[in-house]
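Undergrad: Let me give you the structure first, and then I'll get to my questions.
Taken together, the values in this text are just the output of simple stated rules run on the coordinates, not laboratory data. Here the structure is a predicted model, which is why all the values come from computation and not from measurement. All Cβ positions, glycine included, derive from the backbone under ideal geometry; neighbour counts span all protein chains shown.
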Ligand code: BGC
């Protein structure tokens with residue numbers, strides 16, 4: 001066990017992000033924002049959203065589609081102004097289903113199959129007839145926008161591979177699918193990133209909200225640029241911060257990246273997002289096993305990529321039983337490690353904590369970077385609106401973020417509120433659509 005303890009101490013040193021490192025990261029993040037905004041080389045894409053913060057009075061009955069992970073969500077909702085929103089229908093549809101033998105996220109699926117599926121699901125909840133429903137569409141991948149309803153997919157992230165969508169106008173693809181499927185009474189009004197949705201939802205009722213983020217399957221943040229160079233007006237900018245590159249990788253991160261769908265991209269996301277945290281933990285456990293530091297049975301599934309999910313990590317971290325029953329079950333069922341001693345289970349729990357805490361501290365450093373850029377002296381209140389499964393469900397994650405904000409900002413952190421923007425990516429699409437309608441004088 002002594003050797004395992006030593007290995008853990010080494011891991012702790014490698015994975016801990018100190019306040020000093022966070023401050024340095026925040027400074028280089030702010031510099032990358034400035035460069036990206038000025039069109040200079042930067043790992044931050046700084047994508048204009050062509051939308052600002054809602055005024056608060058936006059109202060109406062709106063359809064929202066939220067596409068960004070392994071499910072697509074379709075909502076019909078009524079906005080009543082000033083944060084009031086009534087969800088009339090909300091349905092989830094999986095984009096892949098082994099039993100039903102479909103996977104619209106695979107390279108074998110085409111863009112039209114994917115968008116026809118989404119259109120069919122919209123048809124299932126929207127009454128046909130004369131009434132025209134504006135559609136707000138959250139599409140949670142890096143898009144170059146030319147207007148609020150014109151968004152071109154730059155490249156897939158989160159290991160999605162559907163063919164023929166990169167480089168295409170994803171708004172047009174959905175509108176065309178709606179028409180192919182005879183849904184003439186739903187009209188695309190806005191395409192937004194999920195971070196934008198999260199921010200819009202919080203800003204609908206909180207005037208201090210100016211940063212939005214997703215800490216879920218993927219990771220990204222956006223912020224309100226007070227004077228955007230394109231319009232000289234306030235505009236939300238999608239940072240695509242998952243691609244931030246000035247984070248130093250351990251050898252585990254480098255291995256994960258090398259085996260990923262797009263090596264060399266999304267460096268921060270691969271260290272911070274739910275899609276990858278389980279895989280990082282698996283890679284570290286298999287390295288410990290290869291060094292003979294764990295009791296490994298012959299039939300282990302330790303070498304199967306992505307066999308550990310972030311839900312498994314949640315179960316590991318939530319376990320406070322004396323014998324670490326959930327850790328033992330997860331190790332046995334997912335990794336085939338059936339004969340671990342309780343000290344080894346404790347080591348698994350500890351290294352999971354290290355990986356999860358590092359994620360929160362890296363993310364907090366980037367938010368501090370945004371604050372360094374928009375309000376370096378922290379002269380006013382800021383709300384950071386967050387949605388996503390890590391933030392909502394991973395034990396200790398939200399608290400870790402709050403602690404990390406204090407560590408990086410010091411007493412100034414008192415000006416910063418982190419706020420769960422529940423279902424923000426979907427509701428935000430509706431707010432975006434209603435904002436566009438209001439601007440067009442139709443609402
Ligand atoms: C995408 C972002 C998105 C984030 C959270 C990332 O992989 O590039 O556009 O906001 O995931 O869903």
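Undergrad: For the residue pair residue 92 and residue 2, what label-to-label distance in nm results when each label sits 7 Å from Cα along the Cα-to-beta-carbon direction?
TA: 4.9
Undergrad: Rounded to the nearest 5, what is the percent of antiparallel bridges among the DSSP beta bridges in the stretch 133-188?
TA: On the way: 5 of 8 bridges.
That works out to approximately 60 percent antiparallel.
Undergrad: For the chain, find the longest principal axis of its Cα atoms and tell me its angle to the long axis of helix 194-203, 0 to 90°, nearest 10.
TA: The angle comes out near 70 degrees.
Undergrad: Please give the Cα centre distance for the stretch 351-400 versus the stretch 60-94, rounded to the nearest Å.
TA: 26
Undergrad: Let me check against my output: what whole-number percent is the relative contact order of the chain, with C-alpha pairs under 8 Å and at least 6 apart? Walk me through the numbers before you get to the answer.
TA: Values: 929 pairs, mean separation 99.0, N = 443.
Averaging sequence separation for qualifying contacts and normalising by length gives 22 percent for the chain.
Undergrad: Okay, moving on. Based only on other Cβ atoms within 10 Å, what is the fewest-to-most ordering of 121, 270, 258, 96?
TA: Numbers: 121 17, 270 26, 258 9, 96 14.
Sorted ascending by nearby Cβ count, the order is 258, 96, 121, 270.
Undergrad: Please report, in whole Å, how far the alpha carbons of the chain spread along each principal axis, starting with the longest.
TA: That works out to 71, 55, 39 Å along the principal axes.
Undergrad: What fraction of the DSSP beta bridges in the chain is antiparallel, stated in percent and rounded to the nearest 5? Working shown, then result.
TA: Numbers: 37 of 59 bridges.
The answer is about 65 percent antiparallel.
Undergrad: Fewest first, what order do 187, 325 take by the number of other Cβ atoms within 10 Å? Please list the in-between numbers first.
TA: Values: 187 15, 325 11.
Lowest count first: 325, 187.
Undergrad: Using a Förster distance of 56 Å, how high is the FRET efficiency between residue 342 and residue 132, based on the Cβ-Cβ distance and rounded to 0.05? Please report the intermediate quantities before stating the final value.
TA: Working: r = 62 Å, r/R0 = 1.11.
Computed FRET efficiency for residue 342 and residue 132 comes out at 0.35.
Undergrad: With the alpha-carbon atoms as the only input, what is the per residue convex hull volume for the stretch 86-165 in Å³?
TA: Details: hull volume 11.0 nm³, N = 80.
Measuring per residue, one finds 137 Å³ for the Cα hull of the stretch 86-165.
Undergrad: In what order do 235, 46 fall by count of nearby beta-carbon atoms within 10 Å, going from fewest to most?
TA: Working: 235 19, 46 23.
By the 10 Å Cβ count, ascending: 235, 46.
Undergrad: Which translational diffusion coefficient, to the nearest whole µm²/s, is obtained for the stretch 346-398 from the Stokes-Einstein equation, given a Kirkwood hydrodynamic radius over C-alpha pairs, 25 °C and 0.890 mPa s? Each step should come with its number before you reach the end.
TA: Values: Rh = 12.8 Å.
This corresponds to a translational diffusion coefficient of 191 µm²/s.
Undergrad: So, one more: Restricting the count to DSSP beta bridges whose residues both fall in the stretch 40-187, what percent are antiparallel, rounded to a multiple of 5?
TA: On the way: 26 of 34 bridges.
If I count the DSSP bridges inside the stretch 40-187, around 75 percent turn out antiparallel.
Undergrad: Give the average over all directions of the projected area of the C-alpha convex hull of the stretch 41-144, one decimal, in nm². Display every interim value, and only then the final one.
TA: On the way: hull surface 37.4 nm².
Projected area, direction-averaged: 9.3 nm².
Undergrad: Using only Cα atoms, what is the ratio of the radius of gyration of the stretch 322-443 to 2.2 N^0.38 Å? List each step's numbers first, then the result.
TA: On the way: Rg = 20.2 Å, N = 122, 2.2 N^0.38 = 13.7 Å.
Ratio of Cα Rg to 2.2 N^0.38 Å: 1.48.
Undergrad: For the chain, find the longest principal axis of its Cα atoms and tell me its angle to the long axis of helix 170-180, 0 to 90°, nearest 10.
TA: 60
Undergrad: Principal axis lengths of the stretch 2-86 from Cα atoms, whole Å, largest first?
TA: Rounded to whole Å, the extents work out to 62, 39, 24 Å.
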